[in-house]
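Beneath this line is the structure, given in structure tokens, with notes to follow.
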Amino acid sequence: MESRLAQFAAMNQKDKATAYQSLLSEILAREDQSTIVADIHALVDNVVNQESVGLVISRSILSELVKALSEGKVKDTEQRKRIVEDTLEIIQPRIVSYEEQVNSLRFQLADILEEEEEWSAAARVLMGISLDSGQRSLPDEDKFRVYVRIVRLLLEDEDSVEAERYYNRAALLAHNATDKETLLQFKLCQARISDYGRKFLEAATRYHELSWVPEIDEEERKHMLSAAMTCAILAPAGPNRSRVLASLCRDERTADLPSYNILLKMFHDRILRPNEIKEFEGTLKPHQLAKISISSNDRLASAIDEDDQANDPSISTRKGPSTVLDRAVMEHNLLASSKIYNNITFRGLGALLDLTPGAAETMARRMIEQGRLKGTIDQVEKLISFDVLGEEDDAQGKAGGLGDVEQVEEDTGAPFTKRWDMQIRLTAANVETIVQHLTEKGLVSFGAVQA
């Protein structure tokens, strides 16, 4: 090989092009490809680094090599990978002169790495592609496709921080994209980034929207619906989550999924017990079980008197939720307790949530501040009073997905009478719903009324 390459140095430029082309074809056509990696390495090194070889010839030979590799003329995947990596390493010092060939080789190397499930390595290879060079700028559609692919690969290795950076670049080009498959991948990446960023409410909405897209495989749509349910359960309790829960509960497909029971209990504002969430916890991904820290201010506000601890050892010593799931369940149970009790002491709420009384007060205060819970806190009496009527009106106007509904009621000046009327109305509505379900299942029938 070395002697033949030395002979090419004395040829004129026209003969050199033919000689190098013939040598490359000969190397690729050999039945015994045991030395193909070393031979191509020597050829590429000679073509790129010999000053006697013109730029036109070297580009032409490299283009032929890229084409041969893409057509699968090197059968062994490991050999093809080594050839691409060696070629890129040789070209690197003079990358500006061979930009088009380098980009093509990087796409091929990314394909190989993706097949080997080396997600982050494949993403880093694609990051090295020059998309906005002065010599050859890719169309916006192609840039968008590359960015979405990088985001998808990074998310496979759960690198959500870097993925979000490239997602933001893709978002700037999304309006020019026309390829439906790439746009669907972009929307899925959008949902997954929200999921990894613990924006569970936003993620649940996006997953649920994608679960209706007919172009997506049925099994994938079922997986997205399950992800939507998981994110809705983990979302912060409040009216916004109630709307998402209502939308999912109305979806007939959710009844067949494992998380349906806990979803239904959350929608109906029922208190969840530890044994009920244990099975659900096993289905969560690592980022959904991430530990959360308690701020120093919350620790101070959540502290209880030492006398109280001494007098009542049954008081919990937990000063806040430890995981994302823990926080979601505690906030839900706090919201559910507001539908059961008119008021509750700090100690009683702490016992319900397995928190110190101070920590329970802190959680309630934060939810009231954020508009996710309606009520008032009396720190002198250590009592939380819930605005039951306001909560029910909010649920009727928002949780059912009807938007803001203006309700005009007569102001009788008797709040307890109105609360009693509201409870009667809700009880009657629940009975009507139960009878309707029993009738649909054929468990109850009503005879015709005779005159």
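Viscosity 0.890 mPa s, temperature 25 °C: what is the translational diffusion coefficient of the range 188-263 from Stokes-Einstein with a Kirkwood Rh over Cα pairs, rounded to a whole number of µm²/s? The Stokes-Einstein estimate is 203 µm²/s.
Could you do me a favour and compute the accessible area per residue for the range 1-116, 1.4 Å probe, result in Å²?
52 Å²
Modelled this way, with points 7 Å down the Cα-to-C-beta line, the labels at Thr283 and Glu89 are 4.8 nm from one another.
Taking each residue as 0.36 nm, the span from Glu215 to Ala19 lengthens on full extension beyond its C-alpha to C-alpha distance by 65.5 nm.
For the peptides 144-151, 27-34, the ranking by mean Cβ contacts within 10 Å, running from highest to lowest, is 144-151, 27-34.
Once the Cβ-Cβ distance of Glu381 and Lys418 is raised to the sixth power relative to R0 = 30 Å, the FRET efficiency obtained is 0.80.
Between Ser52 and Lys291, what length comes free when the chain is fully extended (0.36 nm per residue of separation minus the Cα-Cα distance, one decimal in nm)?
Using 0.36 nm per residue and subtracting the Cα-Cα distance, I get 79.8 nm.
Projected label points at Arg250 and Val444, each 7 Å from Cα along the beta carbon direction, are separated by 2.4 nanometres. Computed from the C-alpha gyration tensor, the three semi-axes of the ellipsoid equivalent to the range 1-116 are 23, 17, 11 Å, from longest to shortest.
Note on Leu264 and Ser63: the model spin-label points, each 7 Å out from Cα along the C-beta direction, lie 6.6 nm apart.
The portion of the accessible surface of the chain made up by carbon and sulfur, rounded to a whole percent, is 49 (1.4 Å probe; DNA, RNA and ligands excluded). Within the chain, the proportion of Cα pairs with more than 43 Å between them is 40 percent. In the chain, the DSSP-assigned H stretches of four residues or longer account for a calculated mean residue ellipticity at 222 nm of -19500 deg cm²/dmol, using -39500 (n - 2.57) per stretch and the full residue count as denominator. Accessible surface computed residue by residue for the range 330-374, with neighbouring protein chains in place and a 1.4 Å probe, gives 35 Å² per residue.
The values are calculated or read from the model by the stated rules, or taken from the named source; none is laboratory data. Computed from a predicted model, the values in this text were never measured in an experiment. Every residue, glycine among them, receives a Cβ derived from its backbone with ideal geometry; neighbour counts consider all protein chains shown. All accessible areas refer to the heavy atoms of the entire protein, side chains included, with ligands and DNA or RNA removed. Shrake-Rupley method; radii C 1.70, N 1.55, O 1.52, S 1.80 Å.
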